[in-house]
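Input: a single structure, listed below in structure tokens.
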Amino acid sequence: MRILLVEDDFLLGDGIQKSLSHLGFTVDWMKDGEQGENALTSEEYAAVVLDLGLPKQDGLTLLQSVRNKGLRTPILILTARDGKFDKLKGFGLGADDYVVKPLDMEELAARLRALIRRSAGRASPLVRLGKVEIDPDGRQAWCDGKPVDLSAKEFAILELLMQNAGRVLTRAQLEQSLYGWGDSADSNTIEVFIHHLRKKLGSDFIQTLRGIGYTTGRQP
Amino acid sequence: MTISMNLKKFSLQTRLTLLVLSTVLLFGMLASYESYKNALHEADEIFDAQLAQFAQSMVILAVNSLDDDEQASSMPPYIHEHQASLAFQVWLTNKQPARLLLRSNNISSILPEQMPLVGFSRIESRGEHWRFFRLRDKQRGFDVLVGQDSAIRDELAQQVAWHNITPFLFGLPLLAFFTVLAIRFGLQPLRKLTESLGQLSPEQLSPIAVDDAPKEIAPVVAALNSLLGRISRTIENERRFTADASHELRTPIAALHAQVQAAQLSDNKAERIECLDKALQGANRMAHLVGQLLTLSRVDELSHPISLEPVNLIELTQECCAEQGENALSKNIEISFSPEAHPVLSGSPDMLRIMLRNLLDNAIRYTPQGGQVEVALHLTDDGRQVELVIEDSGIGVTDAQLAFLGQRFNRINQSVADGVGLGLSIVQRIAEIHRAKIIFSHAATLGGLSVKVCFPLH
């Protein structure tokens, strides 16, 4: 899942980006409010981690501005400001969660997953589609009730396809969601992961639309 | 001594009440005693006047009713009990032998062996005190003696005197009661002041209304209000500083936490080493921040340098520049010092060193690779100030940002360098303590920031 991190502190931003990528997220990191808003309006993210004290444009201004534009992406405020007034203001301007620094990276990941789950309209953490079931929070997958061992990238692709069941995702969309702006991927990497997934889940679970992309659309 | 010591423990009201009441009581007693004595004396005078009048009346009476052959006749029995306390006798002395004309029934029993002298006299005879008045009329030949029992006289005089002072004695408790009331009423403004002071708390330091305070208390209230104002500003500063400080500590802690967790989550050795490296950077940054916070709180507490010593500003600046040499070299920054004066200041060398270190550290921090930092020292034209100028070829600040320099935790150009935003606050505080003035401006030749510290010369 691709998320946007807007944080001006170099060491903190770097630490969050690394930790979250190990926890199954793809993190784009912007270091000021203007860059953050540009990225948020031009790219599609599953969620946003937003610092408040930012150069060029304050986090709350950014929040207000993108909510006014009708953006529905879940936004989590991560800040050192712990006053009640600040929290109320954050929620009032459209934040979905408010977390005070410092915090545990696994907790941050869990909060982000919960926000993404809610925004997708699901209450249960488990996603089931046909014979396959995944737990995005626990990062586990089952096929016919038996646990399946998946790598982080394999899991990320499977999760994305199952979250968007019925939709066709292009290879570019999958790549974008798997790799941030900085990372580069070989052109056939996605195909390799899909191949591995088919071996583990059966060849009929993921269907290929030649020249277009992949879908989990028609399940028996 | 002990009374005044003990009085200090009492409230103002008890103190005033005790002092006023004891004064009133003391003077009341003195006045009563004097009044009593006067009353006794006056009564004595009146009784004496009565005795003299009585004696003269006897003479007139005897002249008018003189009968040559008449023997002294005895008096009729007493009509009033107090008659026994009066005695008299009248002799006719113009013929020999002298003849007793008239005497009271009791005179023989009280008459002393020796006749009293002419005029007033007090004589004890047979256990009783009597006051006598003897009048001799040689022309007409009368010798009159009248006497009065002293016990009766004294009793009557005492009664009169007591009547004189009783209203005052009965009035004393009433006087005390009203004194207490009056003092209570008089001290009401003080009580009101105490009440309004009692309602104050560190959270609520509103000034006390000065309008209805009497003119003795008004200056106290005004002084208190000014103190309250200063205290609430100090508390406000403290509160803001604590909030800022905790806020500023959270981000480095979060960064440290995130880097360490990233290292834990990573299964790649090179990445783990990189994360731990950054965690160390984070720890260093926190150490720097905590150090600056401690320095600031230390210089904040002082209003003047602990010890004033003559400071050779040239030597001190050279030392500090040398200290920062390694720092400058690592960024390939050229650092130069050109002293044009040899001033000796009176100040704290330790604090001035902290100040110079912060200024140089800032200059180097915000100057890019290969830049320049110039330090100059010279006297002003009038020779009354010495100016220490530190200029750099860094990115400088905008005109709008100049005004915010020195505000706590105000970091300009965070993206360029990771300062903690306290250095210039520390510098300003140390300058204040040394009565020096700080001027921030754009460096004319180098293009970066120019910081000028103007020390007054005594």
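The values are calculated or read from the model by the stated rules, or taken from the named source; none is laboratory data. Remember, predicted model here, so these are calculated numbers, not experimental data. Cβ atoms come from the backbone with ideal geometry, glycine included; neighbour counts cover every protein chain shown.
Do the conditions hold for B:C320, that is, is it more than 14 Å from chain A (Cβ to nearest Cβ) and crowded, with 19+ Cβ neighbours inside 10 Å? Answer is yes for this residue. Restricted to the stretch A:1-80, the set of helices (runs of 4 or more DSSP H) holding at least 2 residues that are at the interface with chain B (Cβ under 10 Å from one of its Cβ atoms) comprises A:10-22. Taking into account only those residues within the stretch B:284-317 that are within 15 Å of B:L359 (Cβ to Cβ) and not hydrophobic (A, V, I, L, M, F, W, C), which is nearest to the other protein chains (Cβ to nearest Cβ)? Selected residue: B:Q292.
Screening the candidates B:Q259, B:Q292 for the property of being touching a Gly at 6+ places or on another chain (Cβ under 9 Å), of a type outside the set (S, T, Y) and within 25 Å of B:E391 (Cα to Cα) yields one hit, B:Q292. In summary, B:E271 fulfils each of the numbered conditions (1) without any contact (Cβ under 8 Å) to a residue 60 or more places away in the chain; (2) more than 10 Å from every other protein chain (Cβ to nearest Cβ); (3) surrounded by fewer than 17 Cβ atoms within 10 Å (Cβ to Cβ) with the single exception of condition (2).
For A:E34, the requirement of being out of contact with any Ser or Thr (no Cβ under 7 Å at 6 or more places or on another chain), outside the structural domain of A:L178 (by TED's automatic domain parsing), within 29 Å of B:Q401 (Cα to Cα) and without any contact (Cβ under 8 Å) to a residue 24 or more places away in the chain is met. From the list B:D277, B:D244, the one residue that fits, being loosely packed, with under 13 Cβ neighbours inside 10 Å, within 12 Å of chain A (Cβ to nearest Cβ) and of a type outside the set (A, V, I, L, M), is B:D277.
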